[in-house]
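Read the structure below first, then the notes.
The values are calculated or read from the model by the stated rules, or taken from the named source; none is laboratory data. Keep in mind that this is a model prediction, so the values were computed, not measured. When we count neighbours, we look across all protein chains shown, and the Cβ atoms used for this are built from the backbone with ideal geometry, even at glycine. Just so you know, the surface numbers come from the protein's heavy atoms only, side chains and all, with ligands and any DNA or RNA stripped out. Shrake-Rupley method; radii C 1.70, N 1.55, O 1.52, S 1.80 Å.
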Amino acid sequence: GDNRGPAIQLFMSDTTFVNGGYTNANTRLVGVLTDESGINLSGYEPGNLIAVLDGEKTFVVNDYYVADQDDYTSGTFSYPLFDLSPGRHTIRFTASDNHNNEAVATIEFEVGKENELLIEALNNYPNPFSESTLVEFSHSRSGEDLKAQVVIYDVMGQLAGSHEFHVPASTYKVRLFEWDGTG
């Protein structure tokens with residue numbers, strides 16, 4: 001029989017989020033849940049999806065859970081969070097399946113100061129590259145419209161190129177462009 005709780009994946013804002021990353025003060029807790037016997041949403045103990053912020057504030061997210069179409073064994077939720085204080089936070093999330101097997105997952109994230117844009121990582125992959133490389137960055141203002149300017153210098157320090165990008169309703173991780181190393 002089934003004696004394991006649901007598989008839980010947690011994200012902040014969107015599914016490109018990496019645990020420990022940056023987010024803004026108004027964001028969403030996003031979860032992806034899977035269990036062969038279905039997710040318990042009865043509302044009777046332990047039939048609640050519960051998120052606890054920093055060990056203090058408790059949120060029941062049952063009403064935000066949406067089962068995948070034609071598949072009761074998996075689903076997602078996106079729960080809005082507002083006015084989070086700047087600094088590091090942890091959310092501990094608990095869910096159970098229809099056999100009352102419980103599972104717990106945690107996610108850590110950092111809220112930047114108001115109106116501050118933090119670029120967490122600017123990468124290109126692969127690096128080094130032979131044919132082309134993908135340039136991407138992660139940042140603290142997901143969901144917002146961004147304007148990005150990328151300036152590339154060659155090994156001699158000469159300006160090799162400059163591009164401006166408009167990123168409407170950005171995700172946590174933004175893929176800007178693929179570059180072949182020329183121009």
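Observations on the structure shown:
- Here each label is just a point 7 Å from Cα along the line to Cβ, and for Ala25 and Glu56 those points are 1.5 nm apart.
- Rolling a 1.4 angstrom probe over region 108-153 with all protein chains present gives an accessible area of which 45% lies on carbon and sulfur atoms.
- Each Lys and Arg contributes +1 and each Asp and Glu -1, all at the Cβ; summed about the Cα centre of region 82-142, the dipole is approximately 100 debye.
- Under Karplus coefficients 6.51, -1.76 and 1.60, residue-wise ³J(HN,Hα) of region 130-140 in Hz, glycine/proline x: 9, 8, 7, 9, 9, 9, 9, 9, 10, 7, 9
- By average C-beta atoms within 10 angstrom, highest first, the peptides 7-17, 112-122: 7-17, 112-122
- Set of lysines near Lys57 by C-alpha distance (under 17 Å), chain-local residues within fewer than 8 positions excluded: none
- Structural descriptor for the chain: relative contact order 23 percent, calculated from alpha carbon pairs under 8 angstrom and at least 6 residues apart.
- The stretch between Asp70 and Leu118 holds 13.3 nm of extra length on full extension. This uses 0.36 nm per residue minus the Cα-Cα distance.
- Average accessible surface for the chain: 59 Å² per residue, computed with a 1.4 Å probe over protein heavy atoms with every protein chain in place.
- Volume per residue that the Cα convex hull of the chain spans, once the total is divided by residue count, Å³: 156
- Protein accessible area in region 1-94, 1.4 Å probe - carbon and sulfur %: 47
- The candidates Phe165, Phe109, arranged from most to least accessible area with a 1.4 Å probe in the full protein assembly, appear as Phe165, Phe109.
- Heavy-atom SASA rank of Lys173, Lys147 (probe 1.4 Å, accessible area, largest first): Lys147, Lys173
- Here the Karplus curve 6.51 cos²θ - 1.76 cosθ + 1.60, taken at θ = phi - 60°, turns the phi angles of region 145-158 into couplings of 6, 10, 10, 10, 10, 10, 10, 10, 10, 7, 5, 8, x, 8 Hz, with x standing for Gly and Pro.
- Local electrostatic count, Ala121, Cβ distance below 11 Å [Lys/Arg +1, Asp/Glu -1]: -1
- All lysines inside 21 Å of Lys147 as judged from Cα atoms, apart from same-chain residues fewer than 8 positions distant: Lys113, Lys173
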